[in-house]
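Accompanying notes for the structure given below.
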Amino acid sequence: MKRPTLEAVAARAGVSRATVSRVVNGQATVAPHIRDAVLRAVDELGYVPNPAARSLVTQRTDSIALVFSEPPTRVFSEDPMFSTVIRSASVELEAADKQVVLMLTSSAKSHARIERYIASGHVDGVMLISMHGGDPLPAAIARMRVPVVSYGRPAVPIDIPFVDNDNVGGAAEAVRHLVESGRRRIATIAGPQDMIAGLDRLAGYRTALRDSDRRSIVAIGDFTRESGAIAMRQLLEDDPGLDAVFCGNDLMAVGALQALRHAGRRVPDDVAVVGFDDIEAAKYTDPPLTTVRHHIFEQAAAMTRLLLGLFEGGPADPVILPTELVIRESA
């Protein structure tokens, strides 16, 4: 059975092919009664617009690239941040009648492939997630003049719109809570230092300690549970007297709790533990985790709305979302 054409719809509606094209492409320059006639003909014939032809007319693909600078093993891991961002962005884009193109890049070859795909006009815009310092992709995409936004402040000095949370302020509030509760030797397990979240949360930790008589005790993880456990064991070996630890995210805090339990340290009696993110699992650790609530779903939704606004000439100002300390039994 042959696919109905624009010409067939035009003949059924008694209008020109150009008028049908304007209606199916959403242009507002058609009288209401003519639009109704065309839409009736479309419905009667079962006409479906040709995506390729429509893109030539509208200069839009209705596709948005969601680019993660991480390998698949990291994106499809236990870290709920990635799935939450994908889910939130998909909800917003579906409401806007757009589709998601998920792209993962962790090598020079994959970087080049993604650059070619975007430069070829296959997507209308790009959302960058989990960018690392030195990553050439943000600058390369910016040069293409494709609308682009970043989930979090870019790790490289480049002028692209972004949506972030108050990493510095949230971390500082968490550490001040430990100081005010009388903890003396407060360590941190910081996130990767080539990522803004890792850098900013470490800066917040140091800011809170700066006005106290406590010294910084720093270990570095990579935002995974395993790295939190390894870092916690190293901290205990280096400084057995520490009595609190602020972790740069909740997964590392979960690993720290496990390491402390294996070392025979009671939480919070011997060592208080605070995380960052307030993932669902934070309520169910033993003991439940005190953490900084960062609204991942809302941040991803705001990033998506920022990008959609750019298509209509909207503002490109950065958006910084607030955080809040959620106190539970671990601190």
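Some notes on this structure:
- Projected label distance in nm at S106 and E226, using a 7 Å step from Cα toward the beta-carbon: 1.1 nm
- In the chain, the calculated helix contribution to ellipticity at 222 nm averages -14000 deg cm²/dmol per residue, counting -39,500 (n - 2.57) for every DSSP H run with n ≥ 4.
- For region 179-264: rounded, prolate or oblate by the Cα gyration tensor [a/c cutoff 1.5]: oblate
- Residues whose placed amide H lies under 5 Å from that of S63, excluding near-sequence neighbours: Q99, D124
- Per-residue accessible area (protein heavy atoms, 1.4 Å probe) orders R233, R201 as R233, R201, starting from the largest.
- Under Karplus coefficients 6.51, -1.76 and 1.60, residue-wise ³J(HN,Hα) of region 108-119 in Hz, glycine/proline x: 4, 5, 5, 4, 5, 4, 5, 4, 5, 5, 5, 5
- Which label in (1) 18.8, 73; (2) 25.3, 86; (3) 20.4, 69 gives the computed Rg and Dmax of the Cα atoms in Å: (2)
- Accessible surface for M144 stands near 60 Å², nearest 10, in the context of the full protein assembly shown (1.4 Å probe).
- Largest-first ordering by accessible area, 1.4 Å probe, given options Y117, Y205, Y151: Y117, Y151, Y205
- Cut-off under 5 Å, modelled amide H: who pairs with F162 long-range: S150, V319
- Ranking K283, K109, K98 by solvent-accessible area of protein heavy atoms (1.4 Å probe, all protein chains present), from largest to smallest, gives K109, K283, K98.
- Estimated FRET transfer efficiency (D36, D317; beta-carbon r; R0 51 Å; 0.05): 0.80
- FRET efficiency estimate (nearest 0.05) - Cβ-Cβ, R3 to E280, R0 45 angstrom: 0.45
- In range of the label at R266: residues from region 185-200 whose backbone nitrogen is under 13 Å from the point 7 Å along Cα→Cβ: none
- Shape of region 218-258, Cα gyration tensor, a/c cut at 1.5: prolate
- Overall form of region 103-256: prolate. Here a/c, set by the Cα gyration tensor axes a ≥ b ≥ c, is 1.5 or more, and a/b is the larger of a/b and b/c.
The values are calculated or read from the model by the stated rules, or taken from the named source; none is laboratory data. Please read all numbers here as calculations on a predicted model, not as lab measurements. Heads up, the Cβs are rebuilt from the backbone with ideal geometry, glycines too, and the neighbour counts pull from every protein chain shown. Surface areas here come from the heavy atoms of the whole protein model, side chains and all, with no ligands, DNA or RNA. Shrake-Rupley method; radii C 1.70, N 1.55, O 1.52, S 1.80 Å.
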